[in-house]
Amino acid sequence: MRTQVGIIGAGPAGLLLSHLLHLRGISSVVLERRSREYVERRVRAGVLEQGTVDTLVEAGVGERMLREGLPHHGIELRYGGAGHRIAFEKLVPGRSITVYGQQEVVKDLIAARLAAGGDLRFEVEDVVVHDVDTEQPYLTFGDERLDCDIIAGCDGFHGVSRPSIPEGVLTIYERDYPFAWLGILARVAPSSEELIYARNERGFALHSMRTPAISRFYLQVPPDARLDDWPDERIWSELKARLETVPGFELATGEILERGITPMRSFVAEPMQYGRLYLAGDAAHIVPPTGAKGLNLAVADVRVLTEALAAYFKDGTTELLEAYSQTCLKRVWRAQHFSYWMTTLLHTFDEDDAYARRLQLSYLDYVTSSEAAATTLAENYVGLPF
């Protein structure tokens with residue numbers, strides 16, 4: 001087999017790249033080790049930046065998102081017994097976020113690729129990357145071989161793409177946080193119209209949503225927490241303790257549909273390319289989910305890579321491909337800092353003394369009282385323009 005771009009991974013990055021390349025007349029094959037059912041049901045991110053929404057609409061895959069997604073024009077920071085709204089419509093006019101689950105984006109992209117005759121291969125075992133430092137890279141899987149001009153590694157943090165780069169090429173930057181997030185999906189209508197980020201002495205909590213009938217919640221828990229230690233009753237009790245700190249607010253509860261524990265870490269691999277292998281999304285970088293940047297960074301990477309590949313296949317120019325990593329990393333590091341900032345602003349750290357905690361509250365007071373500080377939060381949260 002032969003294609004112009006071999007794409008490893010059928011998450012949002014790989015699927016969107018395949019679709020955008022198709023719109024430019026560039027062929028691709030997508031290889032995914034999981035089943036289609038698995039990737040369409042995998043619950044991950046749910047907050048789409050303005051630029052991500054615009055990208056999906058421009059690509060012709062945003063119709064259901066516009067119909068079913070939940071536009072939000074602000075978020076609430078809750079601490080010290082009060083809620084403080086960060087008003088996007090005032091601070092960053094014309095820009096907002098849309099709550100629409102990653103699995104729904106994946107469903108839309110798969111449907112679009114299949115409708116266009118795209119070559120998507122699920123449950124592909126033993127993908128191996130070959131000869132990316134030559135002009136004839138290829139992929140093998142099972143007893144098959146796929147010859148490519150370019151290989152795109154969109155297979156996430158634990159995929160095969162990044163480890164295929166020789167030792168000594170990449171510089172790794174990482175930080176592990178001393179806590180994790182316990183996330184649940186519940187069959188209950190949201191108790192708030194907008195996301196609530198709650199800083200509490202008991203730990204951080206986040207009230208989010210997926211649909212008008214399904215809510216998403218997160219709790220800061222110890223890094224070694226086990227799901228067996230968190231029965232339904234304890235989860236709801238802790239969410240109430242951390243969220244019901246504002247007079248008149250009452251948290252509605254319901255059936256817990258899914259639950260999981262996510263480690264909190266920051267990770268960047270530089271450069272995001274080697275030879276004819278280009279990394280995108282979680283294969284190259286991870287952010288703590290506090291800033292809602294993971295999926296959105298993957299979309300930004302794919303936009304840059306699409307333009308670079310379009311120029312390469314149109315007239316053979318390599319300038320944009322050569323600059324791919326440098327271009328992407330500017331945005332990646334801005335998102336890294338914002339995610340780190342949101343995480344340290346809202347979580348409790350066991351090692352913090354009374355002085356450090358008062359500093360944290362002082363900074364929250366500044367963010368919620370200064371229009372300049374609130375604007376910085378707002379413009380980063382809705383996403384910097386491309």
The set of residues whose placed amide H lies less than 5 Å from the amide H of Gly159, leaving out same-chain residues fewer than 5 positions away, is none
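Determine the per residue accessible area of the chain with all protein chains present and a 1.4 angstrom probe, expressed in square angstrom. Before the final figure, lay out the partial values.
Details: 16780 Å² over 386 residues.
Using a 1.4 Å probe on heavy atoms only, each residue of the chain averages 43 Å².
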Note: Glu307 to Glu135 extended length (0.36 nm per residue) minus current alpha-carbon separation gives 59.9 nm
In nm, the gap between the two label points placed 7 Å beyond Cα toward Cβ at Asp119 and Leu23 is 2.2
Among Ser96, Leu17, Gln50, the residue whose Cα sits farthest towards the positive end of the charge dipole of segment 1-111, when +1 is placed on the Cβ of each Lys and Arg and -1 on the Cβ of each Asp and Glu, is Leu17
Expected field for His130, accessible surface area in Å² at 1.4 Å probe radius, rounded to 10, holds 50
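FRET efficiency for Glu371 and Arg64, Cβ-Cβ distance as r, R0 = 30 Å, nearest 0.05?
Values: r = 36 Å, r/R0 = 1.20.
After rounding to 0.05, the efficiency reads 0.25.
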Calc'd 3J(HN,Hα), segment 202-208, phi into Karplus 6.51 cos²θ - 1.76 cosθ + 1.60 (θ = phi - 60°), Hz, glycine/Pro = x, comes to 7, x, 6, 9, 10, 9, 10
In terms of the charge dipole of segment 232-386, which places +1 on Lys and Arg and -1 on Asp and Glu at the beta carbon, the residue among Tyr340, Leu257, His285 farthest towards the positive end is His285
Label model pair Asp147, Thr317: point-to-point distance (7 angstrom along the Cα→beta-carbon line) in nm is 2.9
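Would you list the membrane-span-like helices of the chain, meaning whole DSSP H runs whose alpha-carbon atoms span at least 30 Å along their axis and whose mean Kyte-Doolittle value is at least -1.0? Before the final figure, lay out the partial values.
Working: long enough: 294-315 (32 Å, 0.67); 324-346 (33 Å, -0.29).
Result, helices passing both filters: 294-315, 324-346.
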Under the 7 Å Cα-to-Cβ spin-label approximation, Thr262 and Phe157 lie apart by a distance in nanometres of 1.0
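Relative contact order for the chain: what is it in percent, counting Cα pairs under 8 Å that are at least 6 residues apart?
21
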Projected onto the charge dipole of the chain (unit charges on the beta-carbon of Lys, Arg, Asp and Glu, signs +1, +1, -1, -1), the Cα from Asn200, Val105, Ile150 with the largest positive-side position is that of Asn200
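Whole number please: convex hull volume per residue of the Cα set in the chain, in Å³?
In the chain, the Cα convex hull volume per residue is 144 Å³.
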Once phi for every residue in segment 75-83 is put through the Karplus expression 6.51 cos²θ - 1.76 cosθ + 1.60 (θ = phi - 60°), the whole-Hz ³J(HN,Hα) values, with Gly and Pro written as x, are 9, 10, 9, 10, 6, x, x, 9, x
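Under a Cβ-only charge scheme (Lys and Arg +1, Asp and Glu -1), can you give me the dipole magnitude of segment 1-155 about the Cα centre, in debye to the nearest 20?
On the way: 18 positive and 24 negative charges, 171 e Å.
For segment 1-155, the charge dipole is close to 820 debye.
Let me know the charge dipole size of the chain about its Cα centre in debye, to the nearest 20, where only the beta-carbon of Lys, Arg (+1) and Asp, Glu (-1) is charged.
Working: 40 positive and 54 negative charges, 155 e Å.
So the magnitude is around 740 debye.
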Rounded to the nearest 500, the 222 nm mean residue ellipticity computed for the chain from DSSP H runs (n ≥ 4, each -39500 (n - 2.57)) alone is -11000 deg cm²/dmol
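Want the number for Lys240 to His337: 0.36 nm per residue separation, take away the alpha-carbon distance, what's left? Each step should come with its number before you reach the end.
Working: separation 97, 0.36 × 97 = 34.92 nm, distance 3.00 nm.
Length gained, Lys240 through His337: 31.9 nm.
The values are calculated or read from the model by the stated rules, or taken from the named source; none is laboratory data. Note that the structure is a prediction, hence the values are computed from the model and not measured. Ideal geometry is used to build each Cβ from the backbone, glycine not excepted, and the neighbour counts take in all protein chains shown. Keep in mind that these areas ignore ligands, DNA and RNA; they rest on the heavy atoms of the full protein, side chains included. Shrake-Rupley method; radii C 1.70, N 1.55, O 1.52, S 1.80 Å.
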